[in-house]
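The values are calculated or read from the model by the stated rules, or taken from the named source; none is laboratory data. Not measured: the values here are computed from a predicted model. Here the Cβ positions follow ideal geometry from the backbone for every residue, glycine too, while neighbour counts run over all protein chains shown. Quick note on the areas: whole protein, heavy atoms, side chains included, nothing else; ligands and nucleic acids left out. Shrake-Rupley method; radii C 1.70, N 1.55, O 1.52, S 1.80 Å.
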Amino acid sequence: MIWLANVKIPIGPQHPALKEPENFTITLDGEKVVDADIRIGYTHRGIEKLIETRNYIQNLYLIERICGICSFTHTQNYVQNVETILNIQIPRRAEYIRTLFLELERLHSHLLWMGVAGHEIGFDTLFMYTWQDRELVQDILEFISGNRVNYAMNTIGGVRRDISEDQKKKILETMIYLEKRAAYYKEVAVNEKTILARCQGVGILKPEIALKLSAVGPTARASGVDVDIRRDDPHAAYADTPFQVITTDTCDVFGRFVVRVLELFESINIIRHLMNNLPTGEIKAKAPRKVPEGEAISHTEAPRGEDIHYLRSNGTDKPERYKVRTPTMANLLSISEMLKGTYLADVPIIVAGIDPCMGCMDRVLVLKEGKENQPGYLLDWEHLRRYGIQWYAEKGGRIQ
Amino acid sequence: MTGIVTWARLKSPWILHMNCGSCNGCDIEILATLIPRLDAERFGVLLKGTPRHADILVCTGPVTTQMKERLKRIYDQMPEPKFVVAVGQCGSSGGIYQGSYCVEGGIDKVIPVDAYVPGCPPRPDAIIDGLVKLLAKIKEGDKNDK
């Protein structure tokens, strides 16, 4: 008899369980996962470098295509950065429309995730149901912007399209229906045996490990980490929008399911509030083509978690450096922690549990050995902390 | 005999979806063709997980350097006759990522393509339309062979 201890199984880049190219090398002892190694880089398209070769208006369209699911949150970060450096105040109506899009995006992204998660646990009925309802959100997006996926709504200084009374009426009507559906999904999530059997106790991520590995978004909130950029550092119109931050303490895939279902209700309520209190006025402030020298950092709460963008401008019409840290990048480290000790058959649902978006995530950073105060010098935690405090004290954050 | 084979082929075009560095926009729209509203399955389309079962390779993305060899390998694993549909602007020409240091600039730079579906991303109905036009092309090609 041959004793097969610690067999290594490669999953990906092309694999039926994966929707995007990535590679997991799973080390198995029998059916149990001992170790999981993640390899990324298959979808690296060199976006950060391309951004440096295009002007600020062209970059809007490029940055929108960092991700095809949460495209609005990326442009939101980008325009916030540029507006901070330009120091322009955007109209209130534009801020409300931006917030509306951020929330519509969260609605369709969470519905999409529930479908994909259902598919991964062999519950394709849920996939058909949620994607059918997701089409209604897509219809609204198309009705307002003319596009289903990359809306091209954001521009420097405001938004490009206004919301008419007709559109407002349709949005509110759709929300009534979607709320009913969300209530149904809530019932399904907590009562359906398939979901309970496949998700409860699977992919455990303890709160202290989630914090240590800097998990963000629903993944962190399902582990009881109370973090939400919408509340912690309000951007767009979130400061005057009432909502709750959903957390659970089950720390498993089931918790991530529940968090996302309950966030559907919060999003629906936010959209209602925005539509009922939509200020009148302009939708766009005038912005110059050239951006003065400066640097800005911006973060928003994307459907998957905190999305951070950094911009350094040099006074021309092109950025000097642009850096993107997408939520999947932050959550990816916790995957290998979640996988340890589970069964091979649970790997697809655990990977899908963080709602990975590899297309967003692939960045390259080349590090060179450098001396202190020179480019390439790696700061340790204490240094980085002091530097951060000093930076914020001198320049102020995004919110002045 | 060939008549029966072509008939079977036209009624059950099984597809394999492959992401070659796309932003996910097109991939989500491809999946959206399977939902009840559009129901691509009425044309016999079935999404398969392995290239060995597939007749049509549906590719998205501008083909990153990492995915180039892998795309070729997947294509080689498909049984003959095989067809390729490039979905989206970057799948057709590299689109917005043109000029990047790690992008090939379109599926047809790596493997032969039979149908292009332009759009960034194309609507699900456009993807179904592309597929149906490819099926018409296969039927036409079969007539010419006789």
Taking the dipole about the Cα centre of the stretch B:14-94, with the C-beta of Lys and Arg at +1 and of Asp and Glu at -1, give me whichever of B:Q77, B:L47, B:N24 is farthest to the positive side. B:Q77
What helix-only [θ] at 222 nm does chain A give? Using -39500 (n - 2.57) per DSSP H run of at least 4, over all residues, to the nearest 500, the answer is -15500 deg cm²/dmol
Would you mind calculating the gained length between A:S214 and A:N277 on full extension (0.36 nm times residue separation, minus the Cα-Cα distance), in nm to one decimal? 19.1 nm
Calc'd 3J(HN,Hα), the stretch B:44-61, phi into Karplus 6.51 cos²θ - 1.76 cosθ + 1.60 (θ = phi - 60°), Hz, glycine/Pro = x, comes to x, 6, 9, 7, 9, x, 10, x, 6, 9, 9, 9, 10, 9, 9, 10, 10, x
Heavy-atom accessible area order for A:W391, A:W113, largest first, 1.4 Å probe: A:W391, A:W113
For chain A, built as a Gaussian network whose Cα springs stay under 10 Å, the top-fluctuating residue of A:L50, A:L136, A:L311: A:L50
Global geometry of the stretch A:188-317, whether rounded, prolate or oblate, following the gyration tensor of its Cα atoms and the 1.5 cut on a/c: oblate
Excluding residues fewer than 8 positions from A:K318 in its own chain, the lysines with Cα under 19 Å of it are A:K49, A:K286, A:K290
Could you state, as a whole-number percent, how many of the C-alpha pairs of chain B are farther apart than 24 Å? 28
Report, ordered by chain and residue number, the lysines lying within cross-link reach of A:K170, taken as a straight Cα distance under 20 Å and ignoring same-chain residues fewer than 8 apart. A:K180
Mind ranking B:48-54, A:143-149 by how tightly packed they are, going by the mean number of other C-beta atoms within 10 angstrom, highest first? A:143-149, B:48-54
Sequence of B:L47, A:L211 from largest to smallest accessible area, 1.4 Å probe: A:L211, B:L47
Chain A: relative contact order in percent, alpha carbon pairs under 8 Å with at least 6 residues between: 23
Cysteines of chain A without any disulfide-compatible partner (other Cys Cβ under 4.7 Å) are A:C70, A:C199, A:C251
For A:G158, list long-range residues whose amide hydrogen, built 1.01 Å from N in the peptide plane, is under 5 Å from its own amide hydrogen. A:A285
Using heavy-atom solvent-accessible surface (probe 1.4 Å) with all chains present, what is the largest-first order of A:Y387, B:Y97, A:Y177? A:Y387, A:Y177, B:Y97
For chain B the mean separation of alpha carbon contacts under 8 Å (6+ apart) over residue count, i.e. relative contact order in percent, is 25
Please give, to one decimal in nm, the separation of the simple spin-label points placed at A:K318 and A:K168, each 7 Å out from Cα toward the Cβ. 4.4
One would report the antiparallel percent of DSSP beta bridges in the protein assembly as shown, rounded to the nearest 5, as 65
Between the alpha carbon centres of the stretch A:261-294 and the stretch A:214-245 the gap in Å comes to 17
For A:Y343 and A:L365, calculate 0.36 nm times their separation in residues minus their Cα-Cα distance, and state this gained length in nm to one decimal. 4.6 nm
For the stretch B:76-146, what's the relative contact order in percent, using C-alpha pairs closer than 8 Å and at least 6 residues apart? 30
What helices in chain A pass both tests, a Cα length along the helix axis of 18 Å or more and a mean Kyte hydropathy of -0.5 or higher, using whole DSSP H runs? A:71-86, A:92-120, A:124-145, A:253-276, A:327-339
Mind checking the angle between helix B:65-77 and chain B's longest principal axis? C-alpha axes, 0 to 90 degrees, to the nearest 10. 10
Please list the non-local residues whose amide H lies under 5 Å from the amide H of A:E320, H modeled 1.01 Å from N, same-chain partners needing a gap of 5 or more. A:R312, A:S313, A:N314
Treating only the Cβ of Lys, Arg, Asp and Glu as charged (+1, +1, -1, -1), what charge dipole size does chain A show about its Cα centre? Round to the nearest 20 debye. 880
What nm distance separates the two modelled labels at B:D76 and A:I57, each placed 7 Å from Cα along Cα→Cβ? 4.7
More than 30 angstrom apart: percent of Cα pairs within the protein assembly as shown: 51
With each label point set 7 Å from Cα along the Cα-Cβ vector, what nm distance links B:R42 and A:A183? 3.2
